[in-house]
Amino acid sequence: MNGSILLTSVAAIVAALSLGFPPTQDGKQGKPQDAAAAHDMTPPKPGKEHDALKKYTGTWDCLVKHSMSPDGPWTESKGTETNKLVCNGLWLETDVLGDMGPMGKFEGHGLQGWDTTQKKYKSSWVDTMCTYLCVQEGTWDDKTSTMTWTMEGPDMTGKTAKFRSTDVVKGDTRELNCWQTGSDGKEWKCMTIAYTKKK
């Protein structure tokens, strides 16, 4: 095969791939049905697992209480959380704005969704109080309308710790509680958030 024929063959293959039609075994350009058979490009649709995410949509007023240690004082702040379904309803996008008083304005952003490969809910979170990506795994209890999240990551001192949180939906109100596992292996409550949905 001379150089011009080789270049022509390579160009034909590249063109076929760019159109999504893979070449057949005899080197001819495939038909659209060949590509569809090779790989189903139909976008995924939300399943029953995504019904849980719908319960969190809307805008919520938040009353946040937080403690830095098991015996430490509790601080209180207020904010607003807005949740909406994105990417054809596959993911719940969260935006939080708050006022932490002397510590300044608070801003947080998250994504929650159902991971079909691991059969678990997954969540990512970033905010103005941390420089790392928080990644959580979750389970949903339909009987109690409770999402339970677990994660392992840095605490406020930078040391790795385990965290567990529950987010209970009660119609137009929600309650989130978060616990941290201390060095003694015991859990202590580090945060609670009361939500009221805006009309």
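Tabulated data for the structure shown
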| item | result |
| --- | --- |
| Contacts under 7 angstrom Cβ, first residue in the stretch 48-70 being under 20 Å from Ala161 (Cβ atoms), partner surrounded by fewer than 16 Cβ atoms within 10 Å (Cβ to Cβ) and among the aliphatic types (A, V, I, L, M), 6 or more apart | Met68/Met156 |
| Some residue of the stretch 38-55 being assigned to a strand (DSSP E or B), at pLDDT 95 or above and more than 19 Å from Trp149 (Cβ to Cβ) | no |
| Residue within the stretch 117-125 that is out of contact with any Lys or Arg (no Cβ under 6 Å at 6 or more places or on another chain), closer than 17 Å to Ile193 by Cβ and not polar (S, T, N, Q) present | yes |
| Thr144 vs. criteria among the hydroxyl-bearing types (Ser, Thr, Tyr), more than 17 Å from Thr94 (Cβ to Cβ), modelled with pLDDT of 95 or more and in contact with a strand residue (DSSP E or B) (Cβ under 8 Å, 6 or more places away or on another chain) | yes |
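The values are calculated or read from the model by the stated rules, or taken from the named source; none is laboratory data. Note that the structure is predicted; figures quoted are calculated from it, not measured. Cβ coordinates were reconstructed from backbone atoms using ideal geometry, including for glycine residues, and neighbour counts include every protein chain displayed.
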